[in-house]
Amino acid sequence: MGIVSPGFTGRRRGGEELPPGQYVTHEFPVLSAGPTPQIRTEHWEFTVATETGETSRWDWAALMALPAETITRDLHCVTRWSKFGTEWKGVSLDTLLADVETAADFVMVHSYGGYTTNLPLEDLLDGQAWIAYQYDGEPLAPEHGGPARLLVPHLYLWKSAKWVRGLVLSDTNDLGFWESVGYHEYGDPWKEQRYAGD
Ligand SMILES: Nc1nc2c(c(=O)[nH]1)N[C@H]1C(S)=C(S)[C@@H](COP(=O)(O)O)O[C@H]1N2
Ligand SMILES: [Mo]
């Protein structure tokens, strides 16, 4: 038996972890479509509204009381930078949505400051998304979305809404901020779904 396992090329798992058209950066660029909102945790809340109008709320203490996970994931921005191995701490959307009754298929994510982004509800479930409040062992910096942001690392990073304030569940796939000006409604980096029609 060889010491090198089949398929291992000396790069990251067969060199397959960099999606097409991306390059690696070791920086952590800041991309914000407007000014950075300053949200104090004592004023922070996160809400989930269902398609029938039921609303669930968490204040900061309630978020902190939920079981958190530390996860390491690669980030892929549609402007072509990717950052490998970023470490986050946050609460899984599986935990937050566990008691939310819904038959909706879609979600509009809303941020403090007015940013929105849309995605299918199933992309927030099954260990794919978190409300993240620590990056690299430190409280999440305001420019990166602190006190808390959505993290959905399997989609292009514009889906990971910074300063997240809530989800609105819907039967219809309405378009968010970037999606409504021509970015792809789904945004799978492995399929290079950058713009509508890709
Ligand atoms: N609220 C909000 N969230 C946002 C954005 C934004 O402008 N406002 N930009 C998105 C885009 S395009 C990217 S690439 C990432 C950038 O996250 P970063 O600034 O932490 O690198 O945040 C996403 N989330
Ligand atoms: Mo982006």
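Once you mark the trypsin sites (Lys or Arg not before Pro) that are in a DSSP loop and have at most 16 other Cβ atoms within 10 Å, what is the longest gap between them in the chain?
Numbers: sites that count: Arg11, Arg40, Arg80.
Answer - 81-198.
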**Request:** Assign one of three labels to segment 58-198, namely rounded, prolate or oblate, based on the Cα gyration tensor with a ≥ b ≥ c the square roots of its eigenvalues; rounded applies when a/c is under 1.5, prolate when it is not and a/b is larger than b/c, and oblate otherwise.
**Result:** oblate
**Request:** Mind checking segment 26-73 for GluC sites (Glu not before Pro) that DSSP puts in a loop (not H, G, I, E or B) and that have at most 10 other Cβ atoms within 10 Å?
**Result:** Glu27, Glu42
**Asked** What residue among Thr25, Thr102, Leu169 has its Cα farthest toward the positive end of the dipole of the chain, where the charges are +1 on Lys, Arg and -1 on Asp, Glu, each on the Cβ?
**Response** Thr25
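Nearest 5 percent is fine: what portion of the DSSP beta bridges confined to the chain is antiparallel?
85
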**Prompt:** Normalised by the residues of segment 72-134, what does the relative contact order come to in percent, with Cα pairs under 8 Å and at least six apart?
**Reply:** 35
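Starting from 0.36 nm per residue, how many nanometres of slack lie between His154 and Leu175 once their C-alpha separation is accounted for?
Roughly 5.7 nm would be gained on extension.
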**Request:** Set the Förster radius R0 to 25 Å, insert the Cβ-Cβ distance between Glu101 and Ala196 as r into 1/(1 + (r/R0)^6), and round the FRET efficiency to 0.05.
**Result:** 0.20
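Within segment 85-140, list the GluC sites (Glu not before Pro) lying in a DSSP loop whose Cβ has at most 13 other Cβ atoms in a 10 Å radius.
Sites meeting the loop and neighbour criteria: Glu101.
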**Message:** Cut-off 10 angstrom, C-alpha nodes, Gaussian network model of the chain. Which of Phe84, Phe46, Phe106 fluctuates the most?
**Reply:** Phe84
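Only the coordinates and a few stated rules stand behind these numbers; no lab work does. Because the structure is a prediction, the values reported are computed rather than measured. Backbone-built Cβ (ideal geometry, glycine too); neighbour counts: all protein chains shown.
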